[in-house]
Amino acid sequence: MQVTMTVNGNEVTEDIEPRLLLVHFVRDVLGLTGTHWGCDTSNCGACVLWLDDVPVKSCTTLAVMASGRSVRTVEDLAQGGVLDPVQEGFMQEHGLQCGFCTPGMLMTARWLLDHDADPDENTIREAIAGNVCRCTGYENIVRSIRWAAAHADGAEQQAAPATDEVTA
Amino acid sequence: MTTTDTPGTTADVPRARTAEAAGAPEAPLSAAGNPIGFGRMLRKEDARFLRGQGKYVDDVQLPGMLHGAVLRSPHAHARIVSIDTSAAEAHPKVRAVITGAVLETLNLAWMPTLSGDVQSVLCTDKVRFQGQEVAFVVADDHYSARDALELIDVEYAPLPAVVDARKALDPDAPLIRDDLEGRTDNKIYDWEAGDAAACDDVFSRADVVVTQDMVYPRVHPAPMETCGSVAHMDPVSGKLTIWTTTQAPHAHRTLYAIVAGLPEHKIQVISPDIGGGFGNKVGIYPGYVCSIVGSILTGKPVKWVEDRSENLMSTSFARDYHMHGEIAATREGKILGLRVNVLADHGAFNGVAQPTKYPAGFFHIFTGSYDYAAAHCNVTAVYSNKAPGGVAYACSFRITEAVYLVERMVDCLADELSMDPAALRMQNLLQPEQFPYTTPTGWEYDSGNYPAALTEAMRIAGYDELRAEQAALRADPDSTSMMGIGLSFFTEGVGAGPRKHMDILGLGMADGCDLRVHPTGKAVLRLSVQSQGQGHETTFAQIVAQELGIPPEDIEVVHGDTDNTPFGLGTYGSRSTPVSGAAAAVAARRVKDKSRIIAAASLECSPDDLEWDHGRWHVKGDPNQAKTIAEIAMLAHGTLELPDGMEGHLDAQVVYDPPELTYPFGAYISVVDVDKGTGAVKVRRFIAVDDCGPRINPMIVEGQVHGGLADGIGMALMEVIAFEEDGNNVGGSFLNYLLPTSMECPSYELGQTVTPSPHHPLGVKGVGESATVGSPAAIVNAVLDALQIRHADMPLTPAAVWRAQQGNPIRTDLAIV
Ligand code: FES
Ligand code: FES
């Protein structure tokens, strides 16, 4: 069947099987492999993206459910080559190691900061409780999100040394 | 030197961007603001991960690529009567259905394990664990491959299963490995270390002997990325390329070469970005082999990525050690002896990954951090109808089990003697002047100051105040919770290992490294080890930067591709920095030595007249007469007349054979609160003082420790792969294999002491597994301290805690109640 939706600001129309999961749609059909898949049971959060501005687990969402709606993935966080403050925060505070949980964490964190500009540690921990990370023990993820809250205007990130540019 | 994070305020502490490596002089900063050497440096690899541009195996898309799926056994032990694949083959999108019978024609139905056993790739006779691979379907897309699995009709004749290792050696136990000739029982080996007679003597004379049975349950590394592969056998060139989740690309290539009879140069193993490993991605799994066979049969690339249940049920588990410990001491608390009998459950195939000489891994380091008159261990390993594996989940080759055993036994002794567990440890720790120290089971610890680490941990914790708080709480009849304080002191032996002692499948555990400085002074470093999140692209660049003064952003680190890296055994057992880190340092020093001679030729002086100063050689007493490493690199590639016998260019190739293991250590303290009503455990604080020698990048070291502490919390409180009597795995999804989330983990309080390794070129000791090894005992000890109970087995779930309180501890690794 045919679905049309907006993905990262672009309208896409594709012919898909009705049973296709949204995570497979964005990864395999659209080639947006930043969204990951890590479990069969909606427990890990590696697949989190936004559906109409709300973080959802795309492994438990059918692609057809996104029909006529808008999807935002990690690939859309950096704008014009400038990292979103949450991305910058994860770099500054070493909020990632293997990077596999990171896109889901970033999408959850961005949503949190959009709704609570200055969350305390406990609020952050509750917000990311549906996103499992096996590498960082969460400590630096909490710090990363705090960093982003403290640098919401993006001023700092312009000035930040471009470790980025080295390998980008 | 120590640094400490204060609880509760860490998120707001501004972080210095400059070098803060203890034990190393502060490195100068590069133009990009990075330390030219050791120090806190943001990771080079983050740029791609943050943008969703990481390249994991499942992200590989090739033209014409097909998709594979594995049919698995629902039974733990059953003879296969028949397999009918006709309906699956008739599926319009199916390209191939592979069974054990098909593999037999290719001589691939069985493959060697890393422990000299064999393992079934696709079952030909009987299934030996639930989730074992029975058939492989290749189809146009993943969904169709899964559909076709449903169309395969397998008739099984179920057999009684061995699930409880304690029953594996019963005379009437079903024989699991009837495929092995001459085998009549389920025993894999008996192995011992230490001096049994001396131990008997010590125990017979001791004032106090405490015995305790304990189970280190079966757990799973469960990296967030499951295992998978994309195989492409190019029918024209005859070259096999396999993108795969491997921590050891070169070892895998050699194994494929042996199994498939292909020469190494016709096999390229690419380990792209790896979403966590923790030992789960050391072995070769049947799915990898099936994707290769699928590609050979179809002439197309074939992708296979397991789902989470497949990962938990069939790939390398960890632990499953049943231990009987005995500790002997004087009434005053001087520890005299330790002995332990282990029953090791290896599952259906002996597939542990560890140095050949040590079938129980490094478990015989179980004497830990104390001084003894004698010690002895005996390990008996058995087959069971469970998935194979055993050495995984950041265990340092079974040192996790060893540390848990000794640290629990010391607490049991403290309980028996009514002594404070910290005081008992302090009384018995090895003293700094005893190093290098040879343990009763033959390990030679390189260096350490154990009392300093324990003192530091107690200082950060405020140990005496905590005990006072606990006493007050215990005296309060209205308190709703019980407070516990738990300690653990660990010593690990990592960096396997010296070639004369250590190999895997005959491959010596040395690692290669190529360093090439380009004419413009930028460099490329090629490694045999493989990052799964450890940040090698950053850390190894810092090692070369430290030695050569080249900014780390100008050093490209290449890994994870056998066509582009030197041979070596890969990353596990915390061996990257101890082995490959040394290789990188030695390579850089060779380049530096050569650069001195070239600088001297150019400055028309003797090399002896030159002095090194942060990336340049200058004439002693005349800093203006100098050549930078970049200038020397250009000269080396240019027309300068070089001394007799010296080749041009500026590069070095090194194979590093570690002379010994390195021995990181640490003192951990956890504080827990146990709800009296529900038995729920909350980890209130965790203090970790680690000594891994000088820290190349303290930010990365701390991150490794944080992750390991979360693992420890998971194992101690939540994680277990349990089985029902018939071998049904009840830990096969994240619904019942519980991983710690942000809510179960506290904000950690880290400290450090720095005792360099005397034999490592950089003095560094490795840290990847320290916290996973050291933390479970600290948490269990804390919970039992809260409950004032001598022992209960992990995981200490609310139900297990509640039962233990009723005086009825159960085997939490079995769902049989
Ligand atoms: S993939 Fe695990 S929650 Fe979606
Ligand atoms: S960074 Fe590896 S799972 Fe979070």
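No lab work stands behind these numbers, since they all come straight from the coordinates. The structure displayed is predicted, hence computed values, not measured ones. In this analysis, Cβ positions are derived from the backbone assuming ideal geometry, glycine residues included, and neighbour counts consider all displayed protein chains.
Projected label points at B:ASP464 and B:MET65, each 7 Å from Cα along the beta carbon direction, are separated by 6.3 nanometres.
Only helices reaching 20 angstrom along their own axis (Cα) with mean Kyte-Doolittle hydropathy no lower than 1.0 count here, and for the DSSP H runs of chain B these are B:770-787. For segment B:151-248, the alpha-carbon radius of gyration amounts to 1.89 times the rule-of-thumb value 2.2 N^0.38 Å expected for a compact globular protein. Each residue of segment A:48-64 was assigned a 3J(HN,Hα) from its phi angle through the Karplus curve 6.51 cos²θ - 1.76 cosθ + 1.60 (θ = phi - 60°); the sequence is 5, 9, 9, 10, 6, 6, 10, x, 10, 8, 6, 7, 10, 10, 6, 4, 5 Hz, with glycine and proline shown as x.
Label-to-label distance, B:ILE789 versus B:ASN624, with points set 7 angstrom from Cα along the beta-carbon direction: 7.9 nm. The mean number of partner chain beta-carbon atoms within 10 angstrom of a residue's beta-carbon across peptide A:28-41 is 6. Inter-part distance, segment A:70-97 to segment B:318-388, computed on C-alpha centroids, equals 46 Å.
Based on every Cα atom in the protein assembly as shown, Rg and the maximum pairwise Cα distance Dmax equal 27.9, 87 Å. When DSSP beta bridges are restricted to pairs lying wholly in the protein assembly as shown, around 80% turn out antiparallel.
In square nanometres, what is the average projected area of the Cα convex hull of chain A? That works out to 9.5 nm². Considering only B:GLY361, B:GLN534, B:VAL118, and ranking their Cα positions along the charge dipole of chain B that arises from unit charges at the beta-carbon of Lys, Arg, Asp and Glu, the one farthest toward the positive end is B:GLN534. Using the Cβ-Cβ distance between B:ASP563 and B:LYS55 with R0 set to 22 Å, the FRET efficiency from 1/(1 + (r/R0)^6) comes to roughly 0.85. Note on segment B:400-456 and segment B:494-572: Cα centroid distance 34 Å, given to the nearest whole angstrom. Summarised as an ellipsoid, chain B has semi-axes of 42, 39, 23 Å, derived from the eigenvalues of the Cα gyration tensor scaled by 5 and square-rooted, with the largest first.
Quick one: net charge around B:LEU103, please, counting Lys, Arg +1 and Asp, Glu -1 for every other residue with C-beta under 15 Å from its C-beta. With Lys, Arg at +1 and Asp, Glu at -1, the net is -4. When each of B:LYS187, B:LYS266 is scored by the number of other beta-carbon atoms lying within 10 Å, the sequence from fewest to most is B:LYS187, B:LYS266. Considering only A:GLY99, B:VAL672, B:SER316, the residue lying farthest towards the positive end of the dipole of the protein assembly as shown is B:SER316, judged by Cα position with unit charges set on Cβ. Near B:LEU297, once Lys and Arg are set to +1 and Asp and Glu to -1 for all other residues with Cβ below 15 Å from its Cβ, the sum equals -1.
Shape descriptor for segment B:648-704: Rg over Rh equals 1.30 (Cα atoms; Rh from the Kirkwood inverse mean 1/r). In segment B:623-771, the DSSP beta bridges split such that about 75 percent are antiparallel, to the nearest 5.
Estimated at 0.36 nm per residue, the fully extended path between B:GLU641 and B:THR480 surpasses their Cα-Cα distance by 49.8 nm. In segment B:745-817, Cα pairs under 8 Å separated by at least six residues give a relative contact order of 16 percent. Entry note, segment B:459-607: relative contact order of 23 percent, from Cα contacts under 8 Å with a spacing of 6+ residues.
Relative contact order of segment B:325-385, taken over Cα pairs closer than 8 Å and 6 or more residues apart, is 46 percent. Between B:ALA157 and B:LYS266, the FRET efficiency from the beta-carbon distance, with R0 = 41 Å, is close to 0.50.
Projecting the Cα atoms of A:MET65, B:THR562, B:GLY462 onto the charge dipole of the protein assembly as shown, computed from C-beta unit charges around the Cα centre, puts B:THR562 farthest toward the positive end.
Over the C-alpha atoms of segment B:358-397, the Rg to Rh ratio, Rh being the Kirkwood estimate, stands at 1.04.
Looking at segment B:300-354, which GluC sites (Glu not before Pro) are in a loop (DSSP not H, G, I, E or B) and have at most 15 other Cβ atoms within 10 Å? Those that pass, being in a loop and sparsely packed, are B:GLU332. Inter-part distance, segment B:198-241 to segment B:611-664, computed on C-alpha centroids, equals 42 Å. This ranking places B:GLU225, B:GLU465 by how few other beta-carbon atoms lie within 10 Å of each, fewest first, which gives B:GLU465, B:GLU225. When B:HIS220, A:HIS151 are arranged by Cβ crowding within 10 Å, least crowded first, meaning fewest neighbours, the order is A:HIS151, B:HIS220. Charge tally for B:THR772 (other residues, Cβ to Cβ under 14 Å; Lys, Arg +1; Asp, Glu -1): -4.
For chain B, adding -39500 (n - 2.57) for each run of n ≥ 4 DSSP H residues and dividing by the number of residues yields -8000 deg cm²/dmol at 222 nm. Per residue of B:141-154, other chain Cβ atoms within 10 Å of the residue Cβ number 1 on average. At R0 = 35 Å, how high is the FRET efficiency between B:ALA471 and B:ILE810 if r is their beta carbon distance? Nearest 0.05 is fine. That pair, B:ALA471 with B:ILE810, gives E of 0.70.
A simple spin-label model places the labels of B:ASP593 and B:VAL730 6.2 nm from each other, with each point 7 Å out along Cα-to-Cβ.
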